[in-house]
Structures are given as C-alpha cells and as structure tokens.
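Structure first, commentary second.
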There are 2 protein chains.
Amino acid sequence: MLIKNVSILHSGQLLPGRDILIEEGKITKVGRDLKDESDDEPIDGRGKLAIPGLINGHTHLAMTLLRGYADDMELMPWLQEKIWPLEAKLTEEDVRWGVKLGCLELIRFGITCYSDMYYFPDTTAQATKEMGLRAFLSGVVFDMKPELLGQVEPFIRRWKGDELITPAVGPHAAYTCSEETLLREKEIADRHDAMIHIHLSETREEVDGFLLSKGKSPVEYLDSLGMLNERLAAVHCVWLSPEDCYLLAERKANVVDCTVSNLKLTSGIAPLNTLMEADVNVCLGTDGASSNNNLNLFEEMKVTAIVQKNAYHTPAAFSAEQVWRLATQNAWRAFRLNLGLHAGALADLVLIDLQKPWFCPQSNIISHLVYSMSGGVDTTIINGKVLMREGVILGEAEIMEKAQERFLRLTS
Amino acid sequence: MLIKNVSILHSGQLLPGRDILIEEGKITKVGRDLKDESDDEPIDGRGKLAIPGLINGHTHLAMTLLRGYADDMELMPWLQEKIWPLEAKLTEEDVRWGVKLGCLELIRFGITCYSDMYYFPDTTAQATKEMGLRAFLSGVVFDMKPELLGQVEPFIRRWKGDELITPAVGPHAAYTCSEETLLREKEIADRHDAMIHIHLSETREEVDGFLLSKGKSPVEYLDSLGMLNERLAAVHCVWLSPEDCYLLAERKANVVDCTVSNLKLTSGIAPLNTLMEADVNVCLGTDGASSNNNLNLFEEMKVTAIVQKNAYHTPAAFSAEQVWRLATQNAWRAFRLNLGLHAGALADLVLIDLQKPWFCPQSNIISHLVYSMSGGVDTTIINGKVLMREGVILGEAEIMEKAQERFLRLTS
C-alpha cells in the first residue's frame, strides 16, 4: 500500500509531498516518488498530515456501554448504586458490543492501540481483533471476586504471540488486592515478560490508608513487593510524594496520567512536572467512558497541558511539544512498540485532514494538534490495514445499533 | 424553510419526529406534520438533534489569525515580544480575514452569535455580516491609544438597529482605562442602551493592585462608578471575594467565564459555584484563539464542568445540566436574545448528527453534549439562513487561503 504526497512532521515542521510505503503490516519506506509493487490503489495524501497512531494508555473499553448512564455523583453512591449493580449483570455479549463501540471511537480519534483492564478479557481480545485494533489487554483482578485470579495465566497463554493482542496482568489496585494476590500476579507477569497494569495512588484516601496501615505509600509498598519495573504501567499516580516520584524513576516504571477522569471524579491533579523532572516515563490515557466520557486522546493532551500549566503557575510549563512527546514517544517506550514514520516501524498510522479552520493558519502544527484540534481524523491504518478511510468505517451503524440494544437490556 | 423529523430536547429527554418551521428569520412553529408555504426543499432531520445556536460570550475573533503563533510563554514576554508587535502591524485586511476564519470555526462548532472586543470593529462587523453570523461587537478602548475612545460612539451610531450586529462598548479593563475613560464609556453605553464588555478581575496581580491603590476590589471600583448592571458582561472574574460575588448578583451583572484560557495563561480558576450560589448570571466564552487556541464552546463546557468539580472537591458539583444551562439560557439572558426552539424565537439553530459513536448509547443526551461531544455539528442556521449544510460551508477553502496569506504577511 502506498500513501502519496502526504505531509509529515519533522522537528515540528511540516514536510509536504512525502510518500509512505507499507508492506506486510510494516512501513518499509518514507520518501519521495516511491513505487508500490502491489495492485492497491494509492491513498491520496494531499492536504493531509500523517502521524503515527496514538496509544490510549488506560481504558476499560467495554464501559463505553455505560457512557452517560451515571454522571455527577459522589464516588461511592456512583459505584454502589449505579456502576456495580450494572456490572453484575454484564454478559460476554455486552462486553463484545461495548468494546466494538469503543473501538469505533478509538479509530475516529486516531488511536491505533489501547491498554485495557476489565472483565471478560477473552471477549475483549476477540472483539478487538475483529475490529482490527492493537491492544494490551488484562483481565481485572481483585480479592472480592477470587475466581478472577485463576483466569489470568490461561488468558495470557491463549493470547501470547498474537499479532495484535498483547496479554498483560491487571491487578485492580494495591488496596483491593492482598499481598498474596499481588505477588501471584507479579510472578505470572515475570514468567511471561508481561506488563502489569494497575491503578496506583489515585485518591488521597488510598494513600492515607497505606501510610496509616503500612507506614508506606502505595508506591513504596509495591516496590517492597518488587513490582516497580519497566513493565509496570501505574495508572493515575495523582497523590505522590517527591520520594515516590524518584522511586518510580529509579525503577523505570511507567506512569499513565488520566487528567480528565481525575478531574471529573475529583481525584486531583497529578504532579506531572515533578514526575518529568525526576525523568519518569509518563504517557496518557482517557480512562473508561463512564468517567470521562469519551476516549479522545487529543482532548486529553490539551486538558493535561493547560491544567498542569495552571497547577504550576506558569504558562511556560508543559509546552505543546512536551505533551505531544507524552502522547507519542513516551507511549511507544512504555508499551515497547516500534512506532513512528520510519522504515521498519509498525504500519499503525493516521491521516489528518489539515483543511479544517482549526489548523489555519498553518503556523505551529504541534500546537494545533494539542491545543486546537477539534476533529479531522480522516484515515486510520493499523497493522497495514485501513480501518477508516475518509471518515468512513464499514459496519459502524450496525455496531452502534447493537450497543444501544445491549445498553437497553442492561438498564431495563 | 422546514426542518422535518428532527429530534429536540425536552426536559433533558429526546423527542424525535418534530418539524420546525422557519419564516422570515424566526421560528414560527414546532410540532408534527407541519407544512411549508415556501418552495424550499425541506431539510431532513432524521438522526439529528436540533438545538438553539450557542453564544460564545467572549472572543477577540480577528486574533484567530494568531493561533499557534506564540504559546507556552510567560504573560509579559508573550504580550511584549509576540502579540503587541504583531498587533501593531495589523491592518483592516488582516482583521477581515481573521474574522472570517473565526466565523468558519464558530459555524462548525454550532455557535451562531459571539461577543467580541477588538480593533477595527467596523471591519469585524462587515466581515461578520458577510459571513451571516450574529454578533455583539465592541471596539477595544484603553488609555495607551487615546484615539480609540473617540471611535466608540460613531461605531455605535453606524451599527445600531442592524439585524445581525449589535454594537457595544468595550473598555479593555479597569487597570488599563482611567476613571475618566470608564465614565465616558458608561455614559455612551447608557445613552444607547448598549452592553459594556470588559475584562474584570482576571489575575491576582490586578486585584492586589486595586486593593493597594484604591482600597477596593476591581468589582467594587466599577460599582463605585455605577457600571455594574444587567448590561455589563464582566469577563473572567477569576479573583473574586464572596462580597464581589454578592455585589455582582445584586446589580444583576453578567459574568462570562473562560476556563480554558484562564488555565492556559495560568490566571486561575473562577469561583463559579460561589457565583452561582449568589445567583449571578454566568455564561461561557472561549477568549481569543491566541490563548485557547480554538473557539469550541462544547470543549469549554466540558473543561469548565470538570475543573469546577475538582476545585470544589465533589463530582456532584456542576452537573452536565447546570453547565448546559450556562451555555444556553444564561447566555440568552445576558445578551437579551429570544432563542430556543419555540415559536417567535430567532431562527438561530444547529443540527447535530447523533449517528456518531460518542453519542452512543443514547442514554443522557445532555451529558453527551457536555462530556463526550467530539464533533458532529452538521447544519448551522442563523437568522433563517443556512450557513453550513451537512458539514459544508461555501467558500471555506478560499477564506483559509486568504487567512494563511495574511498570517504570512504579518509574520514576514
């Protein structure tokens, strides 16, 4: 497959007239006047910008089905009266259509890979493959449902080596899993060189609880179990001490920031500048659609930048270039994916229509992508396959219809 | 003109299958099976939601030309090294194309009316009329450029009574205008029953300065000049005492909140819950594209809600319904416009395509408009004229080309 005459970014500048050759799921050449051996009709890239596909570092994708079902409530009534009773009724079919609905949205936002923690990970994996996305998937584990732990390793064995799905380990949090459960999860992750995906230091209550009961912060506690390493994706990390930040840096753990969800649930604002000064690898996620309520990583970039500026009292903090790096290079590093517009990279890429007023004037494209982007993802390609072309995703209407049916069944 | 089979909102619920009849710039009927006397082909509303057009309560629309030109800088170097030198070179032609570019964006975001303060208000008015939008326009006035004050009343006389343009008075701020200038502006506004559009209590420095030099807050100072009334649009109001809030309420002054711009420039977070408890009429604006960097009021709604929740430490603060009210009813009240989907209202309305994944499942539509909306404005109608239909605005490419030319000239 050949993309002709597209613009690419180089050191923040727009380079027009480039061709991108894709063969067998990989980018094999980027340059001028390239030829394609295949019979595929080339994709016309004129007026468009090619960027590597984005990674959404934290989702509960099936919860897209619960979007707008319960907002603006205190955390405990929200969980106890709304989310948990509904989740208790969730079937595989619900998860299948919730995941497919979420995939539609990811494709429309230029997200080619997501990292998920939820129930029914096999169904999630199957639905994701059918949709053609790349994903890091983990079945959620906590002690209230002891049967979940036993399903972790079989799930990993079933999906290990898959082209699109990378299985991972998903202990829900240090306060919902016993030490024994956490150590068991760590052992499985070590054995399979798998990532651990965990909610960490999300609320002040969580951190205060650990300090009182164990004399350690949740970060220090996980470190005492040997769980901080470069395969850890620690999500939220809102309430960190400077010592926690340096410990995460020393252990090369990854932090996934979810600013929008943290604001909406009033968990607080993560100390991202401190984390980045400590040289922690920070990337971005949206969290589930029931607490965001979309999966839009461009919105996440903007809100993260402006909220961090305000928190650190200087507009010079958190530049557009810096937040763009979190969403791209830092995410590639966290998930160990060879992404980028260069030969050898995975053919996960996105074309954005620059002929939109929010990209005009074409002054600083990275600033526009971070601060003014309000749509315009035109084409999404994953693993060399076109999932959306000129804004059209085949089968979209049917998926939305099915999702609506499942939602009505769940809430009836 | 007839819109057939569209959905409308009633008490937060979706009512499908409604027709909306538009005659001579007004909505004349909303109901079922309506007939149109005109020969116009009806607009098919199936799968779409009609909402009243939104009002962007604070812009510097010509500054859309400066989008992305200078970001992530401290306030004074940003103004002194970047914005002011460029503004010194601004011509009427620059303003014309900056405004038209801004109008494109407003139309795409479902904004049918905006309230502006900037240089060359006649050019802004002319360009806005050519584009077909409704606007409240004021020429900016401050003492550093004494010639501006003399232009205020002639501008008002020229545009008073226009169908689309309502002239207003725009003293930049209490700290950039002398008491004499402010009183002169007030006198003009009173004589013409015009609105006063002013930046107020935006930064902590501004408020501290007033308290030190006058022993009054900026709000109290304006009140001592008799400027607080229902024709005042006080923009920003980030640093208010509870007394300021009650004073604004007592005088029935309107507050225009610009959360995104306030965060990006690190001015702080306005005490909206306190303002609303005091029963102040608060509405929303984006500020100029050089400090936002777009004009998207849907984004403004979401960021406002989640930032206020976090600031007041409860997810129950600032519900979707509440922020939707700021963007609709409160704005109609501030600008004294008869809007809404009812007979007699101005035919300023917007059709939104509900067949987008971020509106699925169709659980709580107001929640979706506030928290998950990421595009889908399909048709924008102002004063009974269709400015965008199915996402197409005639002449859009030429305006973007001209804006790009003007930007290159300005920065060369």
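The values are calculated or read from the model by the stated rules, or taken from the named source; none is laboratory data. All values reported here derive from a predicted model rather than from experimental measurement. Cβ: placed from backbone, ideal geometry, glycine included. Neighbour counts: every protein chain shown.
Going residue by residue through the stretch A:298-313, is there one that turns out to be among the basic types (Lys, Arg) and either farther than 28 Å from residue B:407 by Cα or out of contact with any helix residue (DSSP H, G or I) (no Cβ under 8 Å at 6 or more places or on another chain) (or both)?
no
Just checking, does the stretch A:100-116 include any residue being hydroxyl-bearing (Ser, Thr, Tyr), in contact with a Leu (Cβ under 7 Å, 6 or more places away or on another chain) and part of a loop (DSSP other than H, G, I, E, B)?
So far as the stretch A:100-116 goes, no, none of its residues is hydroxyl-bearing (Ser, Thr, Tyr), in contact with a Leu (Cβ under 7 Å, 6 or more places away or on another chain) and part of a loop (DSSP other than H, G, I, E, B).
When the stretch A:232-282 is examined, which residues are found to be β-branched (Val, Ile, Thr) and either away from every other protein chain (no Cβ under 14 Å) or under 18 Å from the mean Cα position of the chain (by Cα) (or both)? Give the steps one after another, and end with the answer.
Restricting attention to the stretch A:232-282, the residues satisfying the condition of being β-branched (Val, Ile, Thr) are A:235, A:238, A:255-256, A:259-260, A:266, A:269, A:274, A:280, A:282.
Within the stretch A:232-282, A:235, A:238, A:255, A:256, A:259, A:260, A:274, A:280, A:282 meet the criteria.
Take the residues in the stretch B:60-72 that are charged (D, E, K, R) and in contact (Cβ under 8 Å) with a residue 12 or more places away in the chain, then tell me which one is farthest from residue B:359 (Cα to Cα).
Among those that are charged (D, E, K, R) and in contact (Cβ under 8 Å) with a residue 12 or more places away in the chain, it is B:71.
Looking at the structure I just gave you, is residue B:71 over 26 Å from residue B:331 (Cα atoms) and either more than 11 Å from chain A (Cβ to nearest Cβ) or not in a helix (DSSP H, G or I) (or both)?
Yes; evaluated as a whole, the condition is true for this residue.
For the stretch A:196-289, which fully contained helices (runs of 4 or more DSSP H) count at least 3 residues that are hydrophobic (A, V, I, L, M, F, W, C)?
Fully inside the stretch A:196-289 and qualifying: A:204-214, A:242-250, A:272-277.
So which residues in the stretch B:353-400 are among the small types (Gly, Ala, Ser), touching a residue at least 24 places away in the same chain (Cβ under 8 Å) and in a helix (DSSP H, G or I), if there are any at all?
B:367 - this is the single residue of the stretch B:353-400 that is among the small types (Gly, Ala, Ser), touching a residue at least 24 places away in the same chain (Cβ under 8 Å) and in a helix (DSSP H, G or I).
Filter the stretch B:95-118 for residues that are over 22 Å from residue B:381 (Cα atoms) and either crowded, with 24+ Cβ neighbours inside 10 Å or modelled with pLDDT under 95 (or both) and give the result.
B:95, B:117
Every residue in the stretch B:166-195 that is in a loop (DSSP other than H, G, I, E, B) and of a type outside the set (Val, Ile, Thr), please.
B:168, B:172, B:174, B:175, B:177, B:178, B:193, B:194, B:195, listed by residue number.
Please work out if residue B:397 is surrounded by fewer than 20 Cβ atoms within 10 Å (Cβ to Cβ) and closer than 30 Å to residue A:61 by Cα.
no
I'm trying to understand the selection: among the residues of the stretch A:246-275, which are more than 28 Å from residue B:317 (Cα to Cα) and either out of contact with any strand residue (DSSP E or B) (no Cβ under 9 Å at 6 or more places or on another chain) or at pLDDT below 95 (or both)?
Within the stretch A:246-275, the first condition is being more than 28 Å from residue B:317 (Cα to Cα), and the residues that meet it are A:246-255, A:274-275.
A:246, A:247, A:250, A:274 - these are the residues of the stretch A:246-275 that are more than 28 Å from residue B:317 (Cα to Cα) and either out of contact with any strand residue (DSSP E or B) (no Cβ under 9 Å at 6 or more places or on another chain) or at pLDDT below 95 (or both).
Any chance you could count how many residues in the stretch B:8-47 are within 16 Å of residue B:379 (Cα to Cα) and surrounded by fewer than 11 Cβ atoms within 10 Å (Cβ to Cβ)?
1
Applying the selection to the stretch A:74-87, what residues are within 30 Å of residue A:326 (Cβ to Cβ), surrounded by fewer than 19 Cβ atoms within 10 Å (Cβ to Cβ) and within 11 Å of chain B (Cβ to nearest Cβ)?
Correct list: A:75 only.
Consider residue B:356 carefully, then state whether it is among the basic types (Lys, Arg) and away from chain A (no Cβ under 14 Å). Lay out the reasoning, then the answer.
Values: among the basic types (Lys, Arg): yes; away from chain A (no Cβ under 14 Å): no.
No.
Give me the pairs: first residue in the stretch B:125-150 and not assigned by TED's automatic domain parsing to the domain that holds residue B:165, second residue surrounded by fewer than 18 Cβ atoms within 10 Å (Cβ to Cβ) and part of a strand (DSSP E or B), beta-carbon distance under 9 Å, and six or more apart or on different chains, which are they?
Final answer for the pair search is none.
As an exercise: evaluate residue A:304 against (1) under 17 Å from the mean Cα position of the chain (by Cα); (2) closer than 22 Å to residue B:308 by Cβ; (3) surrounded by fewer than 24 Cβ atoms within 10 Å (Cβ to Cβ) and give the number of the one condition it does not meet.
(3)
Among the residues that make up the stretch B:313-336, is at least one of them facing chain A (nearest Cβ under 8 Å), without any contact (Cβ under 8 Å) to a residue 40 or more places away in the chain, surrounded by 21 or more Cβ atoms within 10 Å (Cβ to Cβ) and over 28 Å from residue B:138 (Cβ atoms)?
Within the stretch B:313-336 (the criterion being facing chain A (nearest Cβ under 8 Å), without any contact (Cβ under 8 Å) to a residue 40 or more places away in the chain, surrounded by 21 or more Cβ atoms within 10 Å (Cβ to Cβ) and over 28 Å from residue B:138 (Cβ atoms)), the answer is yes, since at least one residue qualifies.
Conditions first: (1) within 19 Å of the chain's Cα centre (by Cα); (2) of a type in the set (D, E, K, R); (3) surrounded by fewer than 19 Cβ atoms within 10 Å (Cβ to Cβ); (4) not in a helix (DSSP H, G or I). Residue A:129 passes all but one, so which condition is the exception?
Condition (4) is where residue A:129 drops out.
Only one of B:290, B:241 is of a type outside the set (Val, Ile, Thr) and buried (at least 21 other Cβ atoms within 10 Å of the Cβ); which? Spell out the reasoning first.
Working: B:241 fails: buried (at least 21 other Cβ atoms within 10 Å of the Cβ).
So the residue among B:290, B:241 that is of a type outside the set (Val, Ile, Thr) and buried (at least 21 other Cβ atoms within 10 Å of the Cβ) is B:290.
Run down B:328, B:304 and say which single residue is within 16 Å of residue B:50 (Cβ to Cβ), among the polar types (S, T, N, Q) and part of a helix (DSSP H, G or I).
Selected residue: B:328, the only one of B:328, B:304 that is within 16 Å of residue B:50 (Cβ to Cβ), among the polar types (S, T, N, Q) and part of a helix (DSSP H, G or I).
Can you name every residue in the stretch A:17-58 that is in a strand (DSSP E or B) and out of contact with any strand residue (DSSP E or B) (no Cβ under 8 Å at 6 or more places or on another chain)?
Taking the stretch A:17-58 as the starting set, the residues that turn out to be in a strand (DSSP E or B) are A:17-23, A:26-31, A:43-44, A:48-52, A:54-58.
Once the filter is applied, which keeps residues that are in a strand (DSSP E or B) and out of contact with any strand residue (DSSP E or B) (no Cβ under 8 Å at 6 or more places or on another chain), the stretch A:17-58 yields only A:23.
Out of A:98, A:57, A:12, report the one residue that is in contact (Cβ under 8 Å) with a residue 12 or more places away in the chain and on the phi > 0 side of the Ramachandran plot.
Result: A:12 is the single residue among A:98, A:57, A:12 that is in contact (Cβ under 8 Å) with a residue 12 or more places away in the chain and on the phi > 0 side of the Ramachandran plot.
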